[in-house]
1. Select from the stretch 164-190 the residues that are of a type in the set (Phe, Trp, Tyr) and open to solvent by 90 Å² or more (accessible area, probe 1.4 Å) and write down the one among them that is modelled with the lowest pLDDT.
2. Which residues, counting only those in the stretch 40-55, are open to solvent by less than 60 Å² (accessible area, probe 1.4 Å), of a type outside the set (A, V, I, L, M, F, W, C) and either in a helix (DSSP H, G or I) or closer than 25 Å to TYR113 by Cβ (or both)?
3. Helices (runs of 4 or more DSSP H) wholly in the stretch 347-435 with at least 1 residues that are crowded, with 19+ Cβ neighbours inside 10 Å and at pLDDT below 75 - which ones?
4. Can you say whether THR264 is at pLDDT below 85, within 28 Å of VAL219 (Cα to Cα) and surrounded by fewer than 18 Cβ atoms within 10 Å (Cβ to Cβ), as far as the supplied structure shows?
5. Checking ARG97 against (1) outside any helix (DSSP H, G or I); (2) within 38 Å of the chain's Cα centre (by Cα); (3) basic (Lys, Arg), which single condition isn't satisfied?
6. Can you find a residue in the stretch 41-48 that is over 41 Å from the mean Cα position of the chain (by Cα), under 21 Å from MET136 (Cβ atoms) and among the polar types (S, T, N, Q)?
7. For residues in the stretch 56-79 being part of a helix (DSSP H, G or I) and of a type in the set (S, T, N, Q), which is farthest from the chain's Cα centre (by Cα)?
Amino acid sequence: MGTAEEEPDWSRWQRPGPTARQRRQDVLLALLVLLTSAGMLVLINSMGAYAFGSAPSLTEQLVWTAALTLPLALRRRFPLVVLAVVGVVFIAAQVRRIGDGFMPSVALFLAIYSAGAWARDRRWARWTRIAVIVAMFTWLAVGLVWFLVEPSPFPGARGPLDPVLATVLYQVVFNLMFFLAAYFFGDLAWRSARGRAELTRRAEQLRASQEENARGAIVAERIRIARDLHDVVAHHVSVMGIQASAARRVLGTDRDLAASALHTVEETARTAISELRGLLGVLRADPRGEPDPAAGHEASPGLAELPRLAAATRAAGVEVRYGEYGQPRPVPDSVALTAYRVAQEALTNVVKHAGARTAEVRVRFLDTSLEVEVTDDGRGRAAMTAGGGFGLRGMRERVAVHGGEFEAGPRRDGGFLVRASLPTRAADREELTRP
């Protein structure tokens, strides 16, 4: 027996690396940010509205922009390296006073976010981001000191606060919100990915459990089939023994009676061989165990018990109509047993799951087959889902033993249909004449 798979330690979970599609998306994102940044630089230089009052040549600014944005193409493959590179280049570009300050901030935001969302080592992810944020605030403090040493005029200032104080507060609050947002959303993306991984694992475990339950139900039903067929075959063998003994005793005195007894042995043997073939097919399809040979179960029911089955279901609160069609005739015991079990399981589903008010059981004696059909006016497909499907699988297994056909599903006008067609031809004569 296999052991249950050990539950992983989700606190040490590592996010899988990006897929090929995600890597292509990163390249496209880096190119998009680069082109947008270049366009912004062209506009800013054309207007002369430099972020720091002055700027180097446009060519140098474009080089700085490329150095800031192109590393984003690897943001999910090497998130911590990309964050370190973008952080260093960001400060260096501001030291050179490039014309634009907005798009570099976008690139830095993406780098911080990606480190939080994709870094596999969470300790390094946390401390690397903290180090970059501390460095950025240190650089901000340096800038504010320069601003306080050489304050700029504020000709349009009309608020209640001092312009210098307002500028300092604005820079601190804006940058604090900026960096905290990048940090928070990065962690949120990583936790979301871990949650999806947990849900996927739970779904796989549930699917495996359902498949194991289904296999267990099928095995149990096959064992039940084998036990029922064991009764039928044992009955045939007993009949053959009695008839053979009678033929032996009257062989010298009553040849006609002996011939009749031997004919009965012949027909019974053919039937037994056919049923043994079905029994061996069931056992051969189930290599994980053998049928339970426990005795003491009730004698196998047949077609004669179907009216009582309908009456018992009627007593459970469902109005059941029973009908036979065609010319009734004897059928092999195993076929009668299977017809009874199919009707029994179908009516059980009607009572438990269908929510039906009426049901109908029809038995049809056709030329070469016996057909049993159970219909109801219940919930149809919803009842099949509620029932789990194990009973239907068991019925299908039973019918397959005899080489019959099985149909089950919702009806167009509402309710549910179960139909089994069981061949009743005599066993192949070659089984007894084959050398």
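The values are calculated or read from the model by the stated rules, or taken from the named source; none is laboratory data. Fair warning: this is a prediction, and the values are worked out from it, not measured in the lab. Please note: Cβ atoms are built from the backbone with ideal geometry, for glycine as well, and neighbour counts cover all protein chains shown. Quick note on the areas: whole protein, heavy atoms, side chains included, nothing else; ligands and nucleic acids left out. Shrake-Rupley method; radii C 1.70, N 1.55, O 1.52, S 1.80 Å.
1. Among residues in the stretch 164-190 that are of a type in the set (Phe, Trp, Tyr) and open to solvent by 90 Å² or more (accessible area, probe 1.4 Å), the one modelled with the lowest pLDDT is TYR170.
2. Within the stretch 40-55, ASN45 is the sole residue that qualifies.
3. Fully inside the stretch 347-435 and qualifying: 381-387, 390-401.
4. Here the answer is no, as THR264 does not meet what is asked.
5. (2)
6. no
7. For the stretch 56-79, the residue satisfying everything is THR59.
Residue-by-condition table, conditions (1) modelled with pLDDT of 85 or more; (2) out of contact with any strand residue (DSSP E or B) (no Cβ under 6 Å at 6 or more places or on another chain); (3) of a type outside the set (S, T, N, Q); (4) open to solvent by 50 Å² or more (accessible area, probe 1.4 Å):
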position: GLY195; (1), (2), (3), (4): yes, yes, yes, no
position: THR200; (1), (2), (3), (4): yes, yes, no, yes
position: LEU206; (1), (2), (3), (4): yes, yes, yes, yes
position: GLU211; (1), (2), (3), (4): no, yes, yes, yes
position: ALA217; (1), (2), (3), (4): no, yes, yes, no
position: ALA220; (1), (2), (3), (4): no, yes, yes, yes
position: ARG224; (1), (2), (3), (4): no, yes, yes, yes
position: LEU229; (1), (2), (3), (4): no, yes, yes, no
position: VAL233; (1), (2), (3), (4): no, yes, yes, no
